[in-house]
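The structure appears below as structure tokens.
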Amino acid sequence: MDLLLQTLANGIVLGAGYAVISVGLTLVFGILHIANFAHGAFFALGAYVMFLMISLHVPYLVALPVAVAVVAIVGFATETTIVRRSLYGEGHHGSIIVTFALGQAMVAALLLIFGPDPHPVGSPFGQSTLSIFGLMIAGQRAFIFVISVLVLSGFGVWLRYSTKGQQILAVAQNPRGALYSGINVPMIRSVSFVLGVAAAGLAGGLLAPIVTAYPTMGHSTLITGFTVVILGGMGSISGAMLGSLLMGLANALFETYVSVSWTPALGWVLVIAVLLLWPQGLRGRAELYRH
Amino acid sequence: MHKTPADASTQATAATEFAVRASDIHKRYGGVTALDGVSLTVNAGEIFGIIGPNGAGKSTLFDVLCGITKATSGKVEVLGQDVTRMSPHLVARSGVARTFQRTAVFGEATVFDNLLYGRHSSFRHSVIGRIFRSPAYRNDHGAFEAKAREVLAVTGLGEDRGRLASVLAYGVQRRLAVAVALMSEPKILFLDEPAAGMNGRETDDFIALIRLIAPGRTIVIVEHDMAVIKSLCGRALVVVDGRPVVVDAPDQVFKHAEVISAYLGADDD
Amino acid sequence: MPDLPTEAAMTAPPAAAIPTLAGAQGSRVRPLAALGVAIVAAVLFGTLVTNSFIVTIAGYTCAFSLFALSINIMLGGLGEVPLGQCVFFGIGGYGVGIGMIKFGLPFELAAALSMAVSVAAAALIGALTLRLTGAYFSIVSWGLSGVALVAALNLTDVTGGPLGMYGFPPITVASIPLANPRGYFFVTVTVLILAVLLLHAVRDSRFGAAMESVRQNRHLAQSVGVDIFRQRLKAFLLSATLAALGGALCVPYAQIVTPEIFSVGNTVDALLMVLLGGSQLLVGPIIGAVIFTVIPHYLELDPNVRILLFSTAIVLIMIFAPGGLHQISSALIRRFKRKSGAQDPR
């Protein structure tokens, strides 16, 4: 029983981590229908920036926002030079190929610069463990949970109540209509892309102390992110959070009770299963086949 | 035989066969209700219009009638067959053709190839037959050539045969879209905002084209352009907020109070 | 009223009355002449070139081109990005590995069996995933290659695990030893030419036309009666067969099959070849394959450098010349030859 509770607790915390990743993806993929296959690479980038700064003795809590900013800048540069030039939307395979290649290039660059071995990333919460109701929760994981909840709720509020946020939602619903209402659609797309990518970078910085930084760390993140976004229903942030929770639980349970070495495949099996059985997700619309 | 709007009302009472019938169609997307109990009957041989303000659900209704979108509940019958759950391409093969508002043609193909694509689902020959020019192949292509000539003549595209669809002028592309639809010899033609973006002259030409091909066919048109509806349609259905409001001859429809208020402020012409 | 053209004004249909359905624009080389040239060039190359390293590389290029061609069936043919196409490539490789090493089968039989398995897998996968389009299809495609990779790593009894399968007996095709560079080259180039002929026939057929119409305008194709799902499935099966054949024919060169065959690097390579040559040209992937197999082998690139360079090249191509070399050359040709009709500006 204890093992089950512990596993569930792990799952919930894992889910929090996934939530940060997937909200970024939801914004870009679910809302704007841009397939960003480089999302995992930006995640890794965030982790490595953290690694660099911590080796320069920058405190963890200071390094985190800086890492997010750096990733955002790289994302912005990417978006203006590359993504924007390959056709947006309408299921065009341009952005798929480009972001896929971009992601591969970034990971290869990280491999060449840092080598394939994992680099540990230190964090003030790294050594501590919290005990809640007799369950052990690693300090870093608790931190991730707290940050996730804060960032996600803040983001949700911003999206709904701020002008920019509402514009993003408008573009998501009806790009043409938004354009005719005077919304600067390309700018909104940029903003969304940058936000999505920055979220990936944040997730990288948060998770690095746990999983250590290694170049292909983004791969499973990407899979999980897409699974969650689809599971939650495209374009639904609350759906993405619910989906993250479920994914976290599923992963934790699978790892504990089934097998560790097959766990990487679990994510992919779930993506496939979700896409086939449940295309509208938990909260979304069955519009998949249009894209 | 040339159909004027006046003929349509006698047509409606005389016809015993309907071409298209929708019964209590509901369509929901997640939390949004696009269609809320729409029923309509289109009689064989009439030109039927569907109008309504933006976002009223007429495009959704249209998609449901053509079989591209599946209704959440309700029934759609076309030419006597229940097509509610039928796959879109099978609906097409049972005698229905449609044009699209955006991306109306096969952009990277020539006019001639566009017509070929419109026809090839009725080809019977196989790959082997193609390589060795079997009788089946020759039949198919003979029939295709004859039909293509006829369609090109009717739509006035004969000289543009070898031109790339994407370089055609907008109005010409729309005519090509109709030509492609005609290649499968449909009994029912669905036209999705065919006059959108056309200037006055192009619209007049288009109206003339539709009048020319209307005999022997049933045509359903979704449109914003009221001139088109008034000139072509015998009856029109107004859809507002997913609900049907009134079905009548266009002149009567425009006098309807709810229709007027729904359109207040909207600039239609 | 639209002006109705008189009969005389209408241009007479072309004498041969075979509509050319190829999606490629620009000059259309007469197929028989091209075939003749290709055969002659291949024979000359195979008999005259003395550097056996080059001949072997050429053979490998032909084999890998099959994989690139298979990717282009999906990309240029259907407009989908099959990020996980290496699944079928890997099935081809492992089919040969398992067939020859574990069961002692001759190469031809092992290759044929791996193609059959590939088709079966594609039928299953296709039935499940081909209703998806765009990014969804690409994600699932990529995912499946990930699953295959993990499976190959873990199912050590069957696949030899991380170390892979090696120790092949001498591989022959119709008694031609593939260890001999010329033998390898002649076999692979023959298969490649046959494959191109097949694809050419398909492209001009009803099936090819259906595929092209689906690619250009899915919804319109559907509304003229094309069964989209069926056409996509047929294309997918065809591409899987070709990919497996390519994978099988790459084994004699590498002499080892490891789980890396399922890695995304192969897809990156093949994608680049397709994009460089131009996805709308039937032999585009082959042109790209020649360029990008030959260069790295002279440069002896570290695999990660290779991925970095190739991925960057893909990005650059997509930004500046999405149609690849074919687009560039067609544009140049059009500038010299003014053709009516296709030239009118909008």
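The values are calculated or read from the model by the stated rules, or taken from the named source; none is laboratory data. Quick caveat, the model's predicted, so the values are computed rather than measured. Every residue, glycine among them, receives a Cβ derived from its backbone with ideal geometry; neighbour counts consider all protein chains shown.
Summary table below
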| read-out | value |
| --- | --- |
| Within the range C:94-109, tally of residues that are crowded, with 24+ Cβ neighbours inside 10 Å and either at pLDDT 95 or above or hydrophobic (A, V, I, L, M, F, W, C) (or both) | 1 |
| Which numbered condition B:L35 misses (of (1) touching a helix residue (DSSP H, G or I) at 6+ places or on another chain (Cβ under 7 Å); (2) under 25 Å from B:S231 (Cβ atoms); (3) hydrophobic (A, V, I, L, M, F, W, C)) | (2) |
| B:T84 vs. criteria within 26 Å of C:R230 (Cβ to Cβ), within 14 Å of chain C (Cβ to nearest Cβ) and among the polar types (S, T, N, Q) | no |
| Matching entry among B:I229, B:I221, B:I210 (being within 27 Å of B:E77 (Cβ to Cβ), in contact with a Gly (Cβ under 8 Å, 6 or more places away or on another chain) and in a helix (DSSP H, G or I)) | B:I229 |
| Members of the range B:67-76 found to be surrounded by fewer than 17 Cβ atoms within 10 Å (Cβ to Cβ) and either away from every other protein chain (no Cβ under 13 Å) or in contact with a Cys (Cβ under 6 Å, 6 or more places away or on another chain) (or both), listed by number | B:S73, B:K75 |
| Qualifying residues in the range C:173-204 (those that are free of Cβ contacts under 8 Å to residues at least 60 places away in the same chain and under 18 Å from C:G76 (Cβ atoms)) - the one farthest from the other protein chains (Cβ to nearest Cβ) | C:L198 |
| Residues that are within 30 Å of B:F106 (Cβ to Cβ) and touching a Ser or Thr at 6+ places or on another chain (Cβ under 8 Å), drawn from the range C:78-101 | C:E80, C:V81, C:P82, C:L83, C:G84, C:Q85, C:F88 |
| Residue satisfying all of: in the range C:138-172; closer than 26 Å to A:I272 by Cα and of a type in the set (S, T, Y); farthest from the other protein chains (Cβ to nearest Cβ) among these | C:T159 |
| Helices (runs of 4 or more DSSP H) contained in the range A:201-287 and holding at least 3 residues at pLDDT below 75 and within 11 Å of chain C (Cβ to nearest Cβ) | A:263-277 |
| Filter result for the condition that a residue is crowded, with 21+ Cβ neighbours inside 10 Å, assigned to a helix (DSSP H, G or I) and either more than 14 Å from chain C (Cβ to nearest Cβ) or at pLDDT 90 or above (or both), over A:V62, A:V71 | A:V71 |
| Residue match in the range B:128-143 (condition: modelled with pLDDT of 80 or more and either part of a loop (DSSP other than H, G, I, E, B) or polar (S, T, N, Q) (or both)) | yes |
| Boolean, B:V167 is over 25 Å from B:F18 (Cα atoms) and facing chain C (nearest Cβ under 10 Å) | yes |
| Qualifying residue in the range C:138-160 (condition: outside any helix (DSSP H, G or I), touching a residue at least 12 places away in the same chain (Cβ under 8 Å) and over 24 Å from C:L242 (Cβ atoms)) | yes |
| Among (1) at pLDDT 85 or above; (2) buried (at least 17 other Cβ atoms within 10 Å of the Cβ); (3) away from every other protein chain (no Cβ under 11 Å), the one test that B:K58 misses | (1) |
| Selection status of A:L179, among the hydrophobic types (A, V, I, L, M, F, W, C) and modelled with pLDDT under 80 | yes |
| Residues that are farther than 18 Å from C:G95 by Cα, within 14 Å of another protein chain (Cβ to nearest Cβ) and either in contact with a Ser or Thr (Cβ under 9 Å, 6 or more places away or on another chain) or in contact (Cβ under 8 Å) with a residue 24 or more places away in the chain (or both), drawn from the range C:229-250 | C:F229, C:Q231, C:R232, C:L233, C:K234, C:A235 |
| One residue from C:L271, C:L325 being within 12 Å of another protein chain (Cβ to nearest Cβ) and assigned to a helix (DSSP H, G or I) | C:L271 |
| Filter result (touching a His at 6+ places or on another chain (Cβ under 9 Å) and surrounded by fewer than 24 Cβ atoms within 10 Å (Cβ to Cβ)) within the range A:1-47 | A:H33 |
| Where B:Q173 falls short, out of the listed (1) closer than 28 Å to B:E223 by Cα; (2) outside any helix (DSSP H, G or I); (3) not aliphatic (A, V, I, L, M) | (2) |
| Candidate set: the range B:49-59, residues that are of a type outside the set (A, V, I, L, M, F, W, C) and touching a residue at least 40 places away in the same chain (Cβ under 8 Å); chosen: the one nearest to B:A214 (Cα to Cα) | B:G49 |
| Within the range B:100-121, considering residues that are hydrophobic (A, V, I, L, M, F, W, C) and either assigned to a loop (DSSP other than H, G, I, E, B) or touching a Gly at 6+ places or on another chain (Cβ under 9 Å) (or both), the one farthest from the other protein chains (Cβ to nearest Cβ) | B:V111 |
| The listed residue being under 22 Å from C:I287 (Cα atoms), assigned to a helix (DSSP H, G or I), within 14 Å of chain A (Cβ to nearest Cβ) and not aromatic (F, W, Y), out of C:G76, C:G59, C:G126, C:G46 | C:G76 |
| Condition met for C:I71 (within 14 Å of chain A (Cβ to nearest Cβ) and either among the acidic types (D, E) or surrounded by 21 or more Cβ atoms within 10 Å (Cβ to Cβ) (or both)) | yes |
| C:T188 vs. criteria under 26 Å from C:L249 (Cβ atoms) and surrounded by fewer than 20 Cβ atoms within 10 Å (Cβ to Cβ) | no |
| Residue within the range C:203-220 that is over 24 Å from the mean Cα position of the chain (by Cα), on the phi < 0 side of the Ramachandran plot and of a type outside the set (A, V, I, L, M) present | yes |
| Which numbered condition B:A97 misses (of (1) touching a strand residue (DSSP E or B) at 6+ places or on another chain (Cβ under 6 Å); (2) within 26 Å of B:T33 (Cβ to Cβ); (3) within 11 Å of another protein chain (Cβ to nearest Cβ); (4) buried (at least 19 other Cβ atoms within 10 Å of the Cβ)) | (2) |
| Only listed residue being at pLDDT 85 or above, surrounded by fewer than 20 Cβ atoms within 10 Å (Cβ to Cβ) and aliphatic (A, V, I, L, M), chosen from C:A240, C:A151 | C:A151 |
| Helices (runs of 4 or more DSSP H) enclosed by the range A:120-198 - at least 1 residues per element that are among the polar types (S, T, N, Q) | A:139-161, A:163-173 |
| Subset of the range C:79-112 [outside any loop (DSSP other than H, G, I, E, B) and within 14 Å of another protein chain (Cβ to nearest Cβ)] | C:C86, C:V87 |
